[in-house]
There are 2 protein chains.
Amino acid sequence: MARKSLAGGSVSKRLFVVLVAARNPLNIGAAARAMSNFGFVNLRVVNPYELAFREARSAVGASALLKYAKEYKSVADAVADCSLVVGTTAAHKRKLDHELRPLHEGALAIRKKLQSETVALLFGSEKRGLSNEDLSYCHWLMRIPTVRERPSMNLGQAVAVCLHELVREANGSLQAEKHPAARAAELDRLTAMLLDALRASGYVKPTIAGPTEEKIRRLVRRLSLSAEDARVSLGMLRQILWKMQSKD
Amino acid sequence: MARKSLAGGSVSKRLFVVLVAARNPLNIGAAARAMSNFGFVNLRVVNPYELAFREARSAVGASALLKYAKEYKSVADAVADCSLVVGTTAAHKRKLDHELRPLHEGALAIRKKLQSETVALLFGSEKRGLSNEDLSYCHWLMRIPTVRERPSMNLGQAVAVCLHELVREANGSLQAEKHPAARAAELDRLTAMLLDALRASGYVKPTIAGPTEEKIRRLVRRLSLSAEDARVSLGMLRQILWKMQSKD
């Protein structure tokens with residue numbers, strides 16, 4: 001499965017999600033949950049609010065991912081082994097020295113990098129985001145396209161949105177479970193049966209049958225019926241027609 | 001700004017986020033927060049766990065969006081004025097009668113629809129997701145591409161990821177569809193009339209009415225009927241039903 005090729009295997013292991021100075025244990029837990037939902041395994045925390053981190057780690061049902069998250073004293077240490085360091089921000093107006101890429105562009109660049117190298121993705125604290133010092137370790141920044149008036153996202157949600165974007169098109173082979181469409185001959189049978197029922201009911205008058213027939217044929221084609229639904233509909237109509245005719 | 005063209009203005013107002021039987025006030029609040037981050041305003045809740053909903057609404061800093069969220073007793077009521085109803089699911093293996101679209105495909109279809117019509121996006125409860133009955137009101141389902149081993153997302157994160165996907169590449173180039181689609185209430189009427197006809201014909205036996213009703217409801221949703229075609233179909237069925245009953 002293509003899904004595996006990014007999120008499973010070595011590629012997804014090359015991404016390090018780095019939470020800097022996170023304060024709320026629920027958010028740390030939520031970040032970890034989103035990581036496992038999207039197939040990432042490496043969580044690093046920098047100077048977490050101690051109590052919060054201990055709580056999140058010891059929570060019932062805390063994932064292995066969270067239990068084995070690595071703790072660092074500084075951003076520098078946490079990203080030391082990474083080839084690319086990307087900061088996330090809600091900044092709209094702030095003057096930044098960094099290149100600021102919209103999420104979908106940034107994610108594309110990260111995906112490419114992950115093919116062969118390690119990448120750190122930094123998230124700041126709930127209140128303040130990443131500090132200027134934190135940002136100074138980043139190659140560039142990535143912004144989730146929130147509205148100007150409400151830019152600041154919940155930490156767990158921001159992590160979920162970014163990670164989803166990273167795996168978003170990795171699974172091109174994941175198919176919609178579409179049902180095979182009805183063939184023209186099946187639609188013809190259904191149209192004929194429907195016309196019979198409409199004639200039997202008096203809906204279609206013999207005098208105006210021609211144009212009505214065309215209308216009905218077009219209507220049946222617009223329904224985008226699957227083969228199975230066409231079969232079921234035909235069965236319904238057959239029973240209805242039988243009922244109407246059995247009483248004449 | 002392109003951003004505004006989708007999430008601002010009337011387009012984003014046409015989306016209704018519907019939380020069905022949500023239990024955790026934090027999740028309801030998180031859903032509301034993600035909505036305001038991405039510029040959506042209409043939240044509807046169906047049978048929320050009462051206490052949770054009251055708590056979420058009265059929380060310090062609860063948004064206007066949350067305070068004015070509308071409450072409904074049933075999914076049918078909550079989506080009655082919507083032209084397209086989409087359910088979200090974590091399903092990987094489950095047998096579903098619905099077409100299941102990956103998030104990025106589904107979001108594209110929703111964006112198109114939102115150019116001119118109303119869309120309901122349903123999220124199920126934290127524990128069980130959407131029930132089969134809930135799903136029977138949906139035209140199709142959308143799946144967030146989580147990994148097979150950890151499919152189940154946190155509710156607030158699922159909402160954030162879906163809404164982000166909806167505004168992701170907002171560019172006004174998407175065209176309005178020509179024929180306005182039938183609204184859910186119209187499909188309900190059509191479903192009811194069809195069921196009456198099937199009962200009158202003997203196709204539906206009273207003993208197995210329940211599951212059949214769900215099947216029929218789903219079938220009608222799969223037809224992607226325009227408002228005009230729904231109206232015509234209703235007229236046909238009315239005449240057919242009249243014919244069958246006039247002879248009893």
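Read-outs throughout are calculated quantities, based only on the coordinates presented, and are distinct from any laboratory measurement. Predicted, not measured: the structure shown is a model, and the values here were computed from it. Cβ sites come from the backbone with ideal geometry, for glycine too, and all protein chains shown count toward neighbours.
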Cα long-axis angle, helix B:103-114 against chain B (0 to 90 degrees, to the nearest 10): 70 degrees
Considering every pair of different Cα atoms, what Kirkwood radius, in Å, is found for chain A? 22.0 Å
So how far apart, in nm, are the two label points at B:ARG238 and B:ARG148 if each is 7 Å from Cα heading toward Cβ? 5.1 nm
Volume of the Cα convex hull of the protein assembly as shown, divided per residue and given in Å³: 153 Å³
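Calculate, in nm to one decimal, what B:SER224 and B:SER10 gain on full extension: separation in residues at 0.36 nm each, minus their alpha carbon distance.
74.7 nm
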Taking the Kirkwood radius as the inverse of the mean 1/r across Cα pairs, report the Rg/Rh of the stretch A:16-92. 0.95
Quotient of Cα Rg and 2.2 N^0.38 Å for the stretch A:65-156, N being how many residues it contains: 1.09
Where both partners of a DSSP beta bridge lie in chain B, what percent of those bridges are antiparallel, to the nearest 5? 10 percent
